[in-house]
Amino acid sequence: MSDAKRAASEVAPPLPGEAHRAPAVRAMFDRIAPTYDLLNRVLALRVDVAWRRRLIRTLALREGDHLLDLCAGTMDVAAEARRQAPLARVTGADFSLPMLSRGARKTGLPAAQADALALPFKAQSFDALTVAFGVRNLEDLPTGLSEMARVLRPGARLGVLEFFRPQSAGSRLVHNVYNRALLPVVGRAISKDPGAYRYLVESMERFVPREEFERLCREAGFRDVQGVTLFPGVCGLVTGVRA
Ligand SMILES: C[S@@+](CC[C@H](N)C(=O)[O-])C[C@H]1O[C@@H](n2cnc3c(N)ncnc32)[C@H](O)[C@@H]1O
């Protein structure tokens, strides 16, 4: 690792709510792309695979549907969509080329380098949209959600997996045990990027709680917005329909 890369890896990118985050967030994902899949599997004890499966199942994709997997990263969600709905069209989009090119190579699916805050797609182009562990990274959440609403046709489905800010005392306890004790040790061993796993923990604590995210979805033009906790203090799934 070069000195410049090592120095950058020590610093966590700015957190949700802080200004001018996008370049540092993108540089962090560019940096951790080679170890992202391994880190994901180990840190989530493979439960993330089941979460992504459930995300796709809730969308009930039909033949010919076009799904946009936004903040697609290495495209595990896109791959799961292809597995569950082989006759649907699936496109991945992400602003980090190192993440996305790994995903495109791994899945063979179409991928577009794109910023979620200014999507290069026409209005009403998609029948479904997923974001897994991506919305927490957006510099401007309302703008991101209104871009998602813009590219979806009325009646299209949205599914968002995310680490929302834990609210209850019980979920804060789970969060603290897992994120403060286990994650730094495993993260340091695999990624050698202390800034990245510090960002992972701190950005969860600074992100909106799930109920507030659901309200923002309604304001952006989604109806029937519903949220469930998949793992207390750690992961939630929010679904909605483009009004
Ligand atoms: C934690 S990874 C999640 C990747 C994948 N969805 C998964 O389930 O593993 C977050 C991804 O969001 C992408 N991202 C963050 N902000 C973005 C933005 N404004 N536009 C596009 N992609 C963005 C990052 O580059 C990164 O690949």
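The values are calculated or read from the model by the stated rules, or taken from the named source; none is laboratory data. Only a predicted model underlies this, so the values are computations on that prediction, with no experimental measurement involved. Neighbour counts run over all protein chains shown; Cβ positions are idealised from the backbone, glycine included. Note: areas computed on protein heavy atoms with side chains; ligands, DNA, RNA excluded. Shrake-Rupley method; radii C 1.70, N 1.55, O 1.52, S 1.80 Å.
Over all distinct alpha-carbon pairs, what is the Kirkwood Rh of the chain in angstrom?
Hydrodynamic radius (Kirkwood, Cα only) of the chain equals 18.0 Å.
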Task: Full-extension gain in nm, Gln84 to Ser168, via 0.36 nm per residue minus C-alpha separation - done: 26.8 nm
TODO: May I ask for the distance between the Cα centers of the stretch 90-110 and the stretch 161-203, given as a whole number of Å?
DONE: 26
Task: Globularity ratio of the stretch 131-225, using Cα Rg and 2.2 N^0.38 Å - done: 1.24
Open item on the list: If I take R0 = 35 Å and measure r between the Cβ atoms of Arg153 and Asp115 in this structure, what FRET efficiency does the formula 1/(1 + (r/R0)^6) give, to the nearest 0.05?
Closed with: 0.95
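Can you figure out the FRET efficiency of Ala243 with His66, using R₀ = 30 Å and their beta-carbon distance, to the nearest 0.05?
On the way: r = 19 Å, r/R0 = 0.64.
Calculated transfer efficiency: 0.95.
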Open item on the list: Could you report the chain's accessible area per residue, 1.4 Å probe, as an integer in Å²?
Closed with: 44
Task: Options Leu129, Val47, Leu182, ranked by Cα towards positive dipole end of the chain, top entry (Cβ charges) - done: Val47
- [ ] Mind pulling up the Rg/Rh value for the stretch 65-143? Radius of gyration and Kirkwood radius, both on Cα.
- [x] 0.94
Task: Cα centre as origin, Lys/Arg/Asp/Glu Cβ charges: the chain dipole, Debye - done: 560
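Can you give me the orientation-averaged projected area of the convex hull built on the Cα atoms of the stretch 25-83, in nm²? Don't jump to the answer; show the numbers that get you there.
Values: hull surface 18.2 nm².
Projected area, direction-averaged: 4.5 nm².
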- [ ] May I ask you to give the percent of accessible area on the chain that is carbon plus sulfur, with a probe radius of 1.4 Å?
- [x] 57
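As a check on your grasp of the helix formula, calculate [θ] at 222 nm for the chain: sum -39500 (n - 2.57) over DSSP H runs of n ≥ 4, divide by the residue count, round to the nearest 500.
Values: 10 runs with 114 residues, N = 243.
Roughly -14500 deg cm²/dmol at 222 nm, from the helical runs in the chain.
Order of 93-101, 167-175, 190-198 by packing, highest average Cβ count within 10 Å first?
Values: 93-101: 21.3, 167-175: 13.9, 190-198: 18.9.
Result, highest mean first: 93-101, 190-198, 167-175.
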